[in-house]
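Below: the structure, in structure tokens.
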Amino acid sequence: MPIRVGMSILVLVLALAGPGVPQSAFGQDKSAQGSTVRSQVDLVSVYFTVRDDKKRLASDLPQDDFSVSEDGQPQAIKFFAHHSDVVLNVGVLLDTGTNMPWILGEEAQASALFLKHVVRPTDLGHILSYASRVETVQLPTSDIALLREATQSIGDGGAAIGLPDRGSAPESRMPMPGGGGTVGINGKPINQHREAHLYDAIRVSTHRYLKGEVGRKAVVIVALSGDSGSESSMEDALQALLESDVIAYVLQIYDASKHDNCDVLHIYQNDSHGESLLKKLAEATGGRMLEVKGIAKLEAALDEISDELHHQYSLGYYPENKHWDGKFRKVQISTGEKAYKVYARKGYYANPPAGEVAGTQ
């Protein structure tokens, strides 16, 4: 796997759940007098986006417009940057659990355009497909031609996993009932034993291709339904994302109308309060879940994510509370203008940094 080197600020893990141990930024912060050298092991850093009251991205606001607090206590911002030019590592996770070539073709075309718009020469993109198992379609690369060829192989059916044989799938692998969504049958046969190893795919993408990277990291998940059959739980997937500081975007495909021709039941699990599990997973990482009304709308949804990924901010601060007790700390980033809304992680667990904060005089 290619190794990426270099960025102005090395970003540390900012976890909402799971162990989330902060890691050293391998740098030093010198005071204005030059007399104190401080190791950046306790830096809390977070990427975020801002939208106005019309949901338009606001990407040119200065540092003075922002404030950050931890458990209600103001914190001094030590680092601030606009990150449209910082290395981006992104994985596209495609649900290929369908026997309908036109659906695979739509996924392939939309994903190819997304990667073309997002991945620059300094960035990396990789592609996974998932259904009854998880497959790496393309290893991380900045080569747009390779990425395009990989998506084309899905559209041609060459890299698509497809559905397991109906006679060999056990009842325990059937999609879970309940939740939102509609059923697109229109006289088409529906495979009742479909598997969608979505949570497994998240963990594979994160652990294999994003965990050791620096810069901005994201996974974009194109889902035809919720998870079914994964060895991993949603909690496992979320922990993997948070420990590696990866933002997750989920595109939930629904039927465009009652005449949808898809052979997949677009069923997504909800929690006990009726909230989408995949929405909770995405928002916990600082990402979003988008409802896509028909596979033909996939390209527009991916364009929205592409735009957002190239209009991010980041800020960093050294917490005033130096008691690393492993407890959850709420982080809130605010702007002085009520018209703006900040989309960011909600906090982190204060696990001990991987090293001691040292000072030398």
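Of note:
- Tally, over the stretch 82-112, of residues that are open to solvent by 10 Å² or more (accessible area, probe 1.4 Å), at pLDDT 90 or above and of a type in the set (D, E): 1
- Under the condition of being among the aliphatic types (A, V, I, L, M), under 26 Å from G125 (Cα atoms) and buried (at least 17 other Cβ atoms within 10 Å of the Cβ), the residues counted in the stretch 45-81 number 4.
- Among the residues of the stretch 95-126, those identified as assigned to a loop (DSSP other than H, G, I, E, B) and over 16 Å from L147 (Cβ atoms) are T96, G97, T98, N99, M100.
The values are calculated or read from the model by the stated rules, or taken from the named source; none is laboratory data. Keep in mind that this is a model prediction, so the values were computed, not measured. Please note: Cβ atoms are built from the backbone with ideal geometry, for glycine as well, and neighbour counts cover all protein chains shown. Note: areas computed on protein heavy atoms with side chains; ligands, DNA, RNA excluded. Shrake-Rupley method; radii C 1.70, N 1.55, O 1.52, S 1.80 Å.
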